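The values are calculated or read from the model by the stated rules, or taken from the named source; none is laboratory data. Note that the coordinates shown come from a computational prediction; the quantities given were computed from them, not determined experimentally. All Cβ positions, even for glycine, are placed from backbone atoms using ideal geometry, and neighbour counts span all protein chains on display. Ligands, DNA and RNA are stripped out before the accessible areas are found, and what is left, the full protein with its side chains, is counted by its heavy atoms. Shrake-Rupley method; radii C 1.70, N 1.55, O 1.52, S 1.80 Å.
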Amino acid sequence: MRIGVKIVAAVLFVAVCAGAAGIATDDPMIEFNQDTYEEIVVEYGEPAPVHEISAVYRSRVLHRSGVPLAVKIEQPDYSAPGAYEVRYSASYKKLAAEGSYTLRVVDTTPPELTVDEDTLAYSSFDSVDGDLTDRVVVTDEGERIVFSVADSSGNQSEKTVLRDLTPPVITLGQGLLDFTCFDETDGDLSSEVRLHESGGILYYEVSDSHGNAATASRKVAGNGRVVYLTFDDGPGPYTAELLDTLAQYGVKATFFVVGRSEHLDLLPRIKAEGHSIAAHTYSHNYAKVYASVDSYFDDLELVQQKIEEQVGERTVMVRFPGGSSNTVSRQYTPGIMTQLARLLNERGLVYFDWNVSAADASTQATTASVLGNVKNGILKQDVAVVLQHDVKDFSVAAVEEILRWGQANGFVFLPLTPESTAPHHHIAN
């Protein structure tokens, strides 16, 4: 409440005239004639309003009009909410007067509360209490999450995040690549659908921005073909060109690596572009590799080390030099292929043979023959694992036409994973 306050402090001034009784006094006084407040309320952090308090010295006889005086104001340190007394005073000669009013500092500002709707990370800060993040209360109500916090003055902030619990919908058409995906929140997610094959089943998987997952699946047989392009013996001098072609068509492939290759520095690019890296051999020397079971695993360890040096991890996918059906290993260790196939499985490794060969290891092979062999072979398989060599320039040259033809016919090109269909040859040793 604002009220005018006049504070008067006076002392009795007596004029004494010798022998004259009953003479009138001068009644001197100091008068604060500026309106002040009994109480002023200010928000914490805001400057207090400036009140210019003036004072005059006044007397009935000598100074009826008043003598202006300087006013001294004692401003308290109001660094926190609370009630503070502001004192002021003035003096004239031996006469003094003082007064006061209350400055009340209040905190009516709620704390800041920030919530990331995607990650649900939150923080809170209050101008008085500082960091209040550890005081935020999170209430999970299913379809919505409520974040609330209160400061020491009782001011509260609250934010609600609506939770998207509805997964996307994947709709399958006739062909393997005939599908759409729509999410109520994110819209069209068709381009985000990930495909992988296992046991002749093609799986379609996707997650929306809130982590809701959807999956669909169907048999490959009767709906199209899945093609795994695999390349042995590299990386080589033509691998970079091959990677450019695969990128142009948006296709991922699989590279069975030779550890002694002079182009292992391509492995980080191969991984970064989404292709699969698998182990073939370090030396590719049959006499060394198949000299014994221990020799095989020593060779495999070396190529694994090289892969790990380049990409930071090993692989569980393996291809035998010559395939599991090779007979050259008989010259060095009879029965070794049967042992190795069993031991790889026991060690958690998966070996892949192939069911389509480009026959590019032949001295008579050409780009045209590779193209014909791959096309004819793919058409005989629902899930085709194609063997080529990226150290052969003519074989790499055939890849673009293979991709153009395959995509025009609705084939799905994928990189191998440990769960992919793994054709195994008849083991002859």
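Observations on the structure shown:
- Residue within the range 93-112 that is at pLDDT below 95, open to solvent by 80 Å² or more (accessible area, probe 1.4 Å), over 22 Å from the mean Cα position of the chain (by Cα) and farther than 30 Å from Ile40 by Cβ present: yes
- Residue tally, condition within 16 Å of Phe256 (Cα to Cα) and either surrounded by fewer than 17 Cβ atoms within 10 Å (Cβ to Cβ) or not hydroxyl-bearing (Ser, Thr, Tyr) (or both), over the range 347-370: 10
- Residue match in the range 404-418 (condition: free of Cβ contacts under 8 Å to residues at least 40 places away in the same chain, in contact with a helix residue (DSSP H, G or I) (Cβ under 8 Å, 6 or more places away or on another chain) and either β-branched (Val, Ile, Thr) or closer than 20 Å to Tyr249 by Cα (or both)): yes
- Considering (1) surrounded by fewer than 20 Cβ atoms within 10 Å (Cβ to Cβ); (2) assigned to a strand (DSSP E or B), the lone condition that Val257 does not fulfil carries the number (1).
- Near pairs, Cβ below 7 angstrom, 6+ apart or cross-chain, from the range 348-376 (basic (Lys, Arg)) to any residue that is open to solvent by less than 50 Å² (accessible area, probe 1.4 Å) and part of a helix (DSSP H, G or I): Lys375/Trp405
- Leu165, sole failed condition from (1) modelled with pLDDT of 95 or more; (2) within 23 Å of the chain's Cα centre (by Cα); (3) open to solvent by 60 Å² or more (accessible area, probe 1.4 Å): (1)
- Among the residues of the range 184-216, just one is touching a strand residue (DSSP E or B) at 6+ places or on another chain (Cβ under 9 Å), polar (S, T, N, Q), under 26 Å from Trp405 (Cα atoms) and open to solvent by less than 60 Å² (accessible area, probe 1.4 Å), namely Ser190.
- When the range 381-420 is filtered for residues that are open to solvent by 20 Å² or more (accessible area, probe 1.4 Å), part of a helix (DSSP H, G or I) and either out of contact with any Asp or Glu (no Cβ under 9 Å at 6 or more places or on another chain) or closer than 19 Å to Glu273 by Cα (or both), the ones remaining, listed by number, are Glu400, Glu401, Arg404, Trp405, Gln407, Ala408.
- Residues that are closer than 22 Å to Val386 by Cα and either small (Gly, Ala, Ser) or at pLDDT below 95 (or both) were ranked within the range 277-335; the one that is surrounded by the fewest Cβ atoms within 10 Å (Cβ to Cβ) is Ser325.
To keep it simple, each residue is scored yes or no on (1) within 60 Å of the chain's Cα centre (by Cα); (2) at pLDDT 55 or above; (3) farther than 30 Å from Ser127 by Cβ; (4) open to solvent by less than 90 Å² (accessible area, probe 1.4 Å).
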site: Val16; (1), (2), (3), (4): no, no, yes, no
site: Ala21; (1), (2), (3), (4): no, no, yes, no
site: Ala24; (1), (2), (3), (4): no, no, yes, yes
site: Met29; (1), (2), (3), (4): no, yes, yes, yes
site: Asp35; (1), (2), (3), (4): no, yes, yes, yes
site: Glu39; (1), (2), (3), (4): yes, yes, no, yes
site: Glu46; (1), (2), (3), (4): yes, yes, no, no
site: Val56; (1), (2), (3), (4): no, yes, yes, yes
site: Arg64; (1), (2), (3), (4): no, yes, yes, no
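- When every residue of the range 218-228 is checked against the conditions, at least one turns out to be in a strand (DSSP E or B), over 30 Å from Leu266 (Cβ atoms) and open to solvent by 50 Å² or more (accessible area, probe 1.4 Å).
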